[in-house]
1. Please find, within the range 133-163, the residue that is surrounded by the fewest Cβ atoms within 10 Å (Cβ to Cβ) out of those that are more than 14 Å from L70 (Cα to Cα) and among the β-branched types (V, I, T).
2. Quickly run through the range 145-181 and pick out the residues that are in a helix (DSSP H, G or I) and either of a type in the set (A, V, I, L, M, F, W, C) or outside the structural domain of P118 (by TED's automatic domain parsing) (or both).
3. How about the range 219-235: which of its residues are over 18 Å from R45 (Cα atoms), modelled with pLDDT under 80 and not basic (K, R)?
4. Does the range 21-71 hold any residues that are of a type in the set (G, A, S) and either free of Cβ contacts under 8 Å to residues at least 24 places away in the same chain or more than 30 Å from L191 (Cβ to Cβ) (or both), and which are they?
5. Could you please find all residues in the range 283-299 being in a loop (DSSP other than H, G, I, E, B) and either basic (K, R) or surrounded by 12 or more Cβ atoms within 10 Å (Cβ to Cβ) (or both)?
6. Can K57 be described as closer than 25 Å to V175 by Cβ, exposed (fewer than 13 other Cβ atoms within 10 Å of the Cβ) and either of a type outside the set (D, E, K, R) or out of contact with any Asp or Glu (no Cβ under 6 Å at 6 or more places or on another chain) (or both)?
7. Within the range 170-196, restricting attention to residues that are touching a residue at least 60 places away in the same chain (Cβ under 8 Å) and more than 18 Å from E128 (Cβ to Cβ), which residue is surrounded by the fewest Cβ atoms within 10 Å (Cβ to Cβ)?
8. Could you check, for the range 115-122, whether at least one of its residues is touching a Gly at 6+ places or on another chain (Cβ under 8 Å) and either surrounded by fewer than 17 Cβ atoms within 10 Å (Cβ to Cβ) or touching a residue at least 12 places away in the same chain (Cβ under 8 Å) (or both)?
Amino acid sequence: MSELSDKYMRRIPMKPYDMVREGLIVLAGMATTIVILAAVWGFPRIAPLTMKEVATKAPIPFTERTLSYLTGQSGLQTYGPPYTNDFGNAQHVGPICPACWVGVIDPTDFRQVLVMQPLAQAGMLNPEIAAALSTYKSASADRQKKWTDAYGAALDKATAKDGKLTLPAGDYGPVPVLMDGMLKLAQSGLLEGALNQNTHPDHAPYDTDYTRSLFYMGGKIFGAVADHFDERGGQWGMSHVAGPYPGAWWLWPYAFLYQIPAIANAAAADLIAGMIMAIFLLILLFLPFIPGLNRLHLLIPVYRLIWRDWYAKYPCGDPTRHQGR
């Protein structure tokens, strides 16, 4: 060490420490623990959820989701920044509104990109869909609403068999053809590609932005999946891995906040939880400089247990005070 380092370290008690040995012991302990846990619990092998699977196994919820985008009644269409300018819906706590600060950086017409564009693509190969889409577009807004309202009410009485919907007779205009077209497009496995195509044309052919297809499966669809695997917010959410397996324990402090009703039921629950975690992180970062908290180690002397052999030899911790005894 340098002369300055020697001078600084002169009165600081020190003891030999083998970092390599310590690292090898920790590595061996972790490897043994992982092997034992893997042998006892294994890990769930669950295939990724696809729109094809949802449309095939749950055609009614899928169609309800599609209709909500067509009518503009999905929560996503008034979500706020960064997609829409509904700033009143952005999560905020008093004047703190990070989404508002960022603004609308990805303006998206969800009705257009999630329904109308895929239907237009399908219409290129299916004249029936093209004609229905043209009829729907040329109708007045009141007429469109009448058709979609009637179709939405009929969905409550619809039945599904072999991936096909059967609705009571009624005046739905071209809506059944449009919804059936979206359903078949999803069941064929082509809807995800239609949604994600040209999301970022300048990134092609390396575009890996699957946001639109993920949007499509949000709401009740992902909610049903979360219910199936007991991963709702009130069930410790992301930290609760599917099946009887250890979860992501490092997320427990964050997931715990959603077990508090005052936070979980708040409109800005995510922002509140994020702010609390940020405050705790700042406290940990600046702990050595916060009066009172920086002396916690003296009130809870865990260090004396870790360095017990040293303090057994030098009870006060300073070997210079024991010289000559």
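The values are calculated or read from the model by the stated rules, or taken from the named source; none is laboratory data. The shown structure was predicted, so the numbers you read here are calculated from the model rather than taken from an experiment. No Cβ is skipped: glycine too gets one built from the backbone with ideal geometry, and neighbour counts run over all protein chains shown.
1. Out of the qualifying residues, it is T159.
2. The answer is W147, A150, A153, A154, L155, V175, V177, L178, M179.
3. Result: G219, G233, G234, Q235.
4. The answer is G23, A28, G29, A31, A38, A39, G42, A47.
5. I290 - this is the single residue of the range 283-299 that is in a loop (DSSP other than H, G, I, E, B) and either basic (K, R) or surrounded by 12 or more Cβ atoms within 10 Å (Cβ to Cβ) (or both).
6. It is true that K57 is closer than 25 Å to V175 by Cβ, exposed (fewer than 13 other Cβ atoms within 10 Å of the Cβ) and either of a type outside the set (D, E, K, R) or out of contact with any Asp or Glu (no Cβ under 6 Å at 6 or more places or on another chain) (or both).
7. Per the criteria, the residue is G189.
8. Within the range 115-122, one or more residues are touching a Gly at 6+ places or on another chain (Cβ under 8 Å) and either surrounded by fewer than 17 Cβ atoms within 10 Å (Cβ to Cβ) or touching a residue at least 12 places away in the same chain (Cβ under 8 Å) (or both).
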